[in-house]
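First the structure, in the form of structure tokens, and then the observations on it.
FYI, it's all coordinate maths here, none of it is from the lab. This structure is a prediction, so every number in the text was calculated from the model and none was measured. Virtual Cβ from ideal backbone geometry, glycine too; neighbours counted across all protein chains shown.
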Amino acid sequence: MELKYDTMSVSLGKSATYTHCEVPNFLPSISAAIGGFSPQRHVWRIAIAIHAVPRLLVARMYYRYYQGVLYQWIHFMAAIACWLNVVENVALIGLTFISSAENHVVHERCFVTFMVTSELYMMLTCYLLRSMRRSPPDNIEARSLRIKYQLLAVNLTSFAMAIYFFIRHNSYCEPGVYSIFALCEYVVVLTNMAFHMTAFWDFHGRELLVGPTGVQFS
């Protein structure tokens, strides 16, 4: 029994890091880690499903927040930022529940949509909160914006590196290069998550009320 378990573990490990180049790698991509194996596939999908609606509510909260702190003539860009956030979340749901193995084309399009909208959303958010405020931020909001810029810088750098190592892997099939791509991919996702978590500081002292009359943010 012990021998069978070890053999299975080795087999699963090789499957998770397998690419068309058939060279050794030590890290799987996110799609491979959560899309092709159980129970992590189900855990990931449940987690995304549970917080999908709250994330859409946060997008609405941000629009109300922008209306309160930005110049009125720039509110149309605030609306664009919020819609980018909504599309980002919908694309995340799509690439989560449609794995690459199930439908590669749809999964790839959802992934590209997620990446493009998430990068545009983060950049536009930083621009609006830095240059288009009609009132200066308090200390907590200033801290939130500073952290946003730091996370955006790491995110963009990691995204550029991920593209480079992905192309390099496909071109030269060097051992371990795909794993470096996967590591960069992890950093991209983690910094994206952390960027959204800065809402904790942006909404300090505010309340979200969800009831029969709708959603109220104050």
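Averaging the inverse of every distinct alpha carbon separation and then flipping it gives the Kirkwood radius. What is it for segment 76-168, in angstrom units?
14.8 Å
What does the extension gain come out to for Val187 and Val106, with contour length at 0.36 nm per residue minus their alpha carbon separation?
26.8 nm
May I ask you to work out the translational diffusion coefficient for segment 34-135 at 10 °C, viscosity 1.306 mPa s, via Stokes-Einstein with Rh from the Kirkwood sum over Cα pairs, reported in whole µm²/s?
Result for D is 108 µm²/s.
Summing Lys, Arg as +1 and Asp, Glu as -1, what charge do residues with Cβ under 14 Å from the Cβ of Asn155 carry, Asn155 excluded?
Neighbourhood net charge equals -2.
What are the residues whose amide H is under 5 Å from the amide H of Leu70, where those residues sit 5 or more places off or on another chain and H is modelled from the backbone?
Answer set, sorted by chain and number: Arg134.
Using the 10 angstrom Cβ neighbour count as an exposure proxy, how do Phe97, Phe166 rank, fewest first?
Phe97, Phe166
List every DSSP H helix in the chain whose Cα atoms extend 27 Å or more along the helix's own long axis and whose mean Kyte-Doolittle hydropathy is at least 0.5.
Flagged H segments are 75-97, 104-131, 177-197.
Any cysteines in the chain with zero other Cys Cβ atoms under 4.7 Å from their Cβ? List them, or say none.
Among the cysteines of the chain, those whose Cβ sits 4.7 Å or more from every other are Cys82, Cys110, Cys126, Cys184.
May I ask you to compute the full-extension gain from Asp138 to Leu209, defined as 0.36 nm times their residue separation minus their alpha-carbon distance, rounded to one decimal in nm?
Separation in residues times 0.36 nm, less the Cα-Cα distance, equals 23.2 nm.
Hey, for a label at Trp73 modelled as a point 7 Å past Cα toward Cβ, could you say which residues of segment 118-156 have their backbone N under 16 Å away?
Residues 131-135 fall inside that zone.
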